[in-house]
1. Would you tally the residues in segment 452-470 being in contact with a helix residue (DSSP H, G or I) (Cβ under 8 Å, 6 or more places away or on another chain) and of a type in the set (A, V, I, L, M, F, W, C)?
2. Does segment 483-535 hold any residues that are within 28 Å of Asn436 (Cβ to Cβ) and in contact with a Cys (Cβ under 8 Å, 6 or more places away or on another chain), and which are they?
3. Just wondering, is there one or more residues in segment 344-365 that are surrounded by fewer than 21 Cβ atoms within 10 Å (Cβ to Cβ), aliphatic (A, V, I, L, M) and more than 30 Å from Tyr124 (Cβ to Cβ)?
4. Can you tell me which residue is farthest from Ala105 (Cα to Cα) among those in segment 78-87 that are buried (at least 19 other Cβ atoms within 10 Å of the Cβ) and of a type outside the set (A, V, I, L, M, F, W, C)?
5. Of everything in segment 440-494 that's charged (D, E, K, R) and not in a helix (DSSP H, G or I), which residue is nearest to Gly584 (Cα to Cα)?
6. Could you say which residue among Ile395, Ile344 is under 30 Å from Ile161 (Cβ atoms) and among the β-branched types (Val, Ile, Thr)?
7. Going by the conditions given, is Leu337 within 14 Å of the chain's Cα centre (by Cα), at pLDDT 95 or above, farther than 30 Å from Ile490 by Cα and buried (at least 17 other Cβ atoms within 10 Å of the Cβ)?
8. On the basis of being modelled with pLDDT of 95 or more, surrounded by fewer than 21 Cβ atoms within 10 Å (Cβ to Cβ), closer than 25 Å to Glu358 by Cβ and not aromatic (Phe, Trp, Tyr), does Arg113 make the cut?
Amino acid sequence: MASAKYRKHSIEYASRKPFSSAAFNPVLPVGNEAGPQFKAFFPDAFTSLIAKAQSIRTHRFDFLGRTIQHGREINWHLDPASMKEWQKKSYDEIALQYEGSPADAKHVWELNRHQYFVTLGQAYCISGDRTYLDELVAQWLSWIKDNPYGIGINWASPLEIGVRLISWTLAFQFIEGHLSQQDLEAIAKSVWQQLSYLASHLSSDKIVRTNHLIGEAAGLYITACSFSFHESGKWTNRGKEILSREILSQTFEDGVSKEESSSYHRFDIDFFLLSFIKSKESSHLFTFRYAERLQKMIRYLLILQSPDSSLPVYGDCDNGRGFLLAPSLNFWDSRGLIAAGGIILQNKDLANASLFNEESFWLLNESERNILKHGQPDTSVESCFILADSRHVIIADREAGDYCFFRAGEFGLGGRGFSSHSHNDLFSPIIFLKGNSILTDTGNSVYLGNDMERDYLRSAAAHNTTFSASWDFFESKRWFGWKKCLDGIILSSTRTEKEFRVRCAFKSPSLDYYTRTIVYQSGRHVFTVEDLFTRNVADIQTYFHLDHGVTATVDGSSLLFRRSGAVIARCVYSGRLNLKVEEGWVSKSYGSKEPSLMLHFKWNAIALQPEVFTFETVDQ
């Protein structure tokens, strides 16, 4: 089937006039002033970007916790984890593996997203060094030659094609005027082939539509809007239709992604915002409802910021970005995206000068950059939220550096049988005290290939939760999805000058005998976690996972937490609990692990007698 489509498309393409650069409409508002301004605004980021581009020129790549050095020719089908080569054949996305195949296609896909093509284009733009241009074109043509239409692992996933097309479109605008006619036509033909393939393989037929469809539609919309092909109008309209629908159906009214992952929430924003930017330069404007929901999604990023100016980790994470304009930034740093979104969407609350960074720079035109860069910084972010639809809770005293995040609503997108990127982490608090990260999420270091590790990472034991060993309300499916799961509910919340209290439970009659209450005592740097059972229940397990670098030592009836030898906080708990401080690990990026400690409490619940865990600072 793929070869028949290819023959048909090749005949159609050959009958048209050659593609010319005049037919290309760029996405980013990058003018001639961009290079000098970038070096002036961000000298350190300029140095880092050039260093990254130089590494790419040597075919050295760092992806997903691994470094791989390719030779003179890049092997576009090589899995860096196993050093096996994926077979050059047609693939079905839902059945990738074959006997002897690599375990996880993500490792080869990350290279083939070509987001570093943009880095090479930027390096050429801001330095004028033609070696970056020559390297980019050489890699581009190498990939086209080695990945014929429909053949190979890099054609297996429509999402990967969508992300790659966005990368190609962004990189193309930096070099379009410097390509030979032959190279230009070779690139344009491959773009057209991938658009054609993507348009006929969109995952819009899935029972539960996810970020995959959003990324595919964004790739279709942005690329078809930028390259003038015969089908561009049809593809543009299709992409816009899907994006307009999915931004409303895949997020709650308050703007939070229903996939229940901070990483994928930002992933979706990348696609929606870049599409919105592209629409401003075309006749395909999005509706007010689209812009309003996108503003809410970005506002969520703002209020979610932890004291270290990053997003808290919850749910799955594969380090995915819809585009990569600032390769030196920490993956969890979303400040530039927030600031740029505020300017683009004309939302003064989001357009905060203190958030302006190198990512904002490339998303804005010169006038917009000047407005943002020279505006007044605003640090007056509201501190305590219960988001009405998602039931996400953010409790913070931003001046004091105290912070807590947890979620207490729907388990995940699609619920029972689906919820592919959700973890069993309802009512699991992530806590900072005086700017110090105390309790964290274990994160996610693997998707495929290690079933035991994958199951553990999604389990209640890998989060800051309480559960009974006899419970069977949650059961994961292999790799993605949940055979069984329960939603959460907020039973009550109260807020006074002295405290903010939220009481939660599972939304199920079979679990109405357990509640968890999380309390913040304002001005005292104290969070308490209260677990209450209304009946006697044996063999209760409570886990709290300490951040990497935090140590714990017993001090009477409490635990002292230290970082770099200094006491930063303590945990006070009942003496009747059996505590073990166990070795564990956390993963803050896909493929990586860092050692950490976890507090493992074992106890028997006595009806109506709450167990209280107090996390507080210690006066020195």
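1. Residues flagged as in contact with a helix residue (DSSP H, G or I) (Cβ under 8 Å, 6 or more places away or on another chain) and of a type in the set (A, V, I, L, M, F, W, C) within segment 452-470 amount to 2.
2. Listed by number, the residues that qualify are Gly488, Ile490, Arg495, Phe500, Arg516, Thr517, Ile518, Tyr520, Phe527.
3. Yes, some residue in segment 344-365 is surrounded by fewer than 21 Cβ atoms within 10 Å (Cβ to Cβ), aliphatic (A, V, I, L, M) and more than 30 Å from Tyr124 (Cβ to Cβ).
4. Pro80
5. Here is the first cut: in segment 440-494, the residues charged (D, E, K, R) are 441, 451, 453-455, 458, 472, 475, 477-478, 483-484, 487.
Keeping just the survivors that are not in a helix (DSSP H, G or I) gives 441, 472, 475, 477-478, 483-484, 487.
Working: Asp441: 12, Asp472: 24, Glu475: 22, Lys477: 23, Arg478: 22, Lys483: 26, Lys484: 26, Asp487: 27 Å.
Residue satisfying both the conditions and the ranking: Asp441.
6. Values: Ile395 fails: under 30 Å from Ile161 (Cβ atoms).
Sole residue among the options that is under 30 Å from Ile161 (Cβ atoms) and among the β-branched types (Val, Ile, Thr): Ile344.
7. Details: within 14 Å of the chain's Cα centre (by Cα): yes; at pLDDT 95 or above: yes; farther than 30 Å from Ile490 by Cα: yes; buried (at least 17 other Cβ atoms within 10 Å of the Cβ): yes.
Considered against the rule, which asks whether it is within 14 Å of the chain's Cα centre (by Cα), at pLDDT 95 or above, farther than 30 Å from Ile490 by Cα and buried (at least 17 other Cβ atoms within 10 Å of the Cβ), Leu337 comes out as yes.
8. no
The values are calculated or read from the model by the stated rules, or taken from the named source; none is laboratory data. Predicted, not measured: the structure shown is a model, and the values here were computed from it. Methodologically, a virtual Cβ is constructed for each residue, glycine included, from the backbone with ideal geometry; neighbour enumeration extends over all protein chains shown.
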